[in-house]
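Following: one structure in structure tokens, then a few remarks.
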Amino acid sequence: MIEQATRTSLADTAASHIRQEITHGRWLVGERIPNEPTLSSLLRVSRGTVREAVKMLVSQGLLETRQGSGTYVRARDDLSESMRRMRRATLRDQAETRCALEVEAIRLAALRHTKEDLAHLTALLERRGRLHDATSRAAFISNDMAFHSAVVRASRNQALVETYLFFSASLQNLVEATVDKEIPEPDFEAHQSIIRAIESGDPERAAATARQFIAPILADLELPRR
């Protein structure tokens, strides 16, 4: 049973109680939660407070509102907390996850790419350029991430694309570490090899190229840190 919200921040408390209903499985993913008046009565707070609590949970990815239909449970876990935990993972863990995602993405891209994909990847790689020629650290990182995101989109697997986008904040940590020379930075030619592997249409060659691309980073991260 939902308890009455009694703490100072009523919206935070209301959001906490709603979150508990979701995480404990009393409201299931895909299920519509009680409407605003009902929640207001259950929590003994104003409808405005309920509205603010729902907004918080929408921003965290737990709820979604559908115009004219109501508010539905989107996920059981707080995605923002998942992202914070992911960003706290070690660089090795992040590199291994990147490898898993990109190997499959490049394998699929070899099978499903278009001429437009190849032209787009080539243009993005030219924009990225080489690290020593970059006008700024931030621009280089942004262009590098744009290139890799486009590779994943060429897989034509929307679930894989969404997973990669969710992982992108953590991926940025890894790219920053390569730019700062903490770990090996795959050079321009290594990135060109990805395009050529996709263009070959050979999924196994593409997957092997992706593994080879990330291998120096993984090897370095296995070394004892001083």
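Of the helices (runs of 4 or more DSSP H) entirely within the range 124-226, those holding at least 2 residues that are acidic (Asp, Glu) and within 25 Å of residue 110 (Cα to Cα) occupy 188-200. Within the range 142-166, the only residue that satisfies the criterion of being surrounded by fewer than 19 Cβ atoms within 10 Å (Cβ to Cβ) and aromatic (Phe, Trp, Tyr) is 166. With respect to residue 134, determine if the residue is surrounded by 15 or more Cβ atoms within 10 Å (Cβ to Cβ), free of Cβ contacts under 8 Å to residues at least 24 places away in the same chain and more than 19 Å from the chain's Cα centre (by Cα). Criteria met by residue 134.
Yes/no matrix, rows are residues, columns are (1) over 30 Å from residue 85 (Cα atoms); (2) aliphatic (A, V, I, L, M):
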site: 117; (1), (2): yes, no
site: 124; (1), (2): yes, yes
site: 141; (1), (2): no, yes
site: 144; (1), (2): no, no
site: 147; (1), (2): no, no
site: 155; (1), (2): no, no
site: 159; (1), (2): no, yes
site: 193; (1), (2): yes, no
site: 204; (1), (2): yes, no
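Among the residues of the range 6-34, which ones are surrounded by fewer than 16 Cβ atoms within 10 Å (Cβ to Cβ), of a type outside the set (Ser, Thr, Tyr) and either part of a helix (DSSP H, G or I) or at positive phi (or both)? Outline the logic, then answer.
So the first thing to find is which residues in the range 6-34 are surrounded by fewer than 16 Cβ atoms within 10 Å (Cβ to Cβ), and the list is 6-9, 12, 20, 23-26, 28-32.
With the extra rule that they be of a type outside the set (Ser, Thr, Tyr), the set shrinks to 7, 12, 20, 24-26, 28-32.
Scanning the range 6-34 gives 12, 20, 25, 30.
Here residue 193 meets each of (1) touching a Ser or Thr at 6+ places or on another chain (Cβ under 7 Å); (2) over 23 Å from residue 129 (Cα atoms) with one exception, condition (2). Have a look at 179, 175 and point out the one that is among the β-branched types (Val, Ile, Thr) and surrounded by fewer than 18 Cβ atoms within 10 Å (Cβ to Cβ). Selected residue: 179, the only one of 179, 175 that is among the β-branched types (Val, Ile, Thr) and surrounded by fewer than 18 Cβ atoms within 10 Å (Cβ to Cβ).
Can you tell me which residue in the range 186-226 is nearest to residue 145 (Cα to Cα), limited to those that are acidic (Asp, Glu) and in contact (Cβ under 8 Å) with a residue 40 or more places away in the chain?
Among them, the one singled out is 187.
Return a yes/no flag: does the range 71-83 have any residue that is within 18 Å of the chain's Cα centre (by Cα) and touching a residue at least 60 places away in the same chain (Cβ under 8 Å).
Filtering the range 71-83 for residues within 18 Å of the chain's Cα centre (by Cα) gives 74-83.
With touching a residue at least 60 places away in the same chain (Cβ under 8 Å) added as a condition, the list becomes 79, 83.
Yes, the range 71-83 contains at least one residue that is within 18 Å of the chain's Cα centre (by Cα) and touching a residue at least 60 places away in the same chain (Cβ under 8 Å).
Here is a check on your reading of the model: is residue 175 in the same structural domain as residue 116 (by TED's automatic domain parsing) and either among the small types (Gly, Ala, Ser) or touching a Lys or Arg at 6+ places or on another chain (Cβ under 8 Å) (or both)? Steps first, please.
On the way: in the same structural domain as residue 116 (by TED's automatic domain parsing): yes; either among the small types (Gly, Ala, Ser) or touching a Lys or Arg at 6+ places or on another chain (Cβ under 8 Å) (or both): no.
When the stated conditions are applied, residue 175 does not pass them.
Among the residues of the range 105-124, is any basic (Lys, Arg), assigned by TED's automatic domain parsing to the domain that holds residue 161 and either over 24 Å from the mean Cα position of the chain (by Cα) or within 30 Å of residue 11 (Cβ to Cβ) (or both)?
So the first thing to find is which residues in the range 105-124 are basic (Lys, Arg), and the list is 107, 112, 115.
Then keep just the ones that are assigned by TED's automatic domain parsing to the domain that holds residue 161; that gives 107, 112, 115.
Those left that are additionally either over 24 Å from the mean Cα position of the chain (by Cα) or within 30 Å of residue 11 (Cβ to Cβ) (or both): 115.
Yes: the range 105-124 contains one or more residues that are basic (Lys, Arg), assigned by TED's automatic domain parsing to the domain that holds residue 161 and either over 24 Å from the mean Cα position of the chain (by Cα) or within 30 Å of residue 11 (Cβ to Cβ) (or both).
The values are calculated or read from the model by the stated rules, or taken from the named source; none is laboratory data. The structure displayed is predicted, hence computed values, not measured ones. For neighbour counting, all protein chains shown are included, and Cβ atoms are generated from backbone atoms with ideal geometry for every residue, glycine included.
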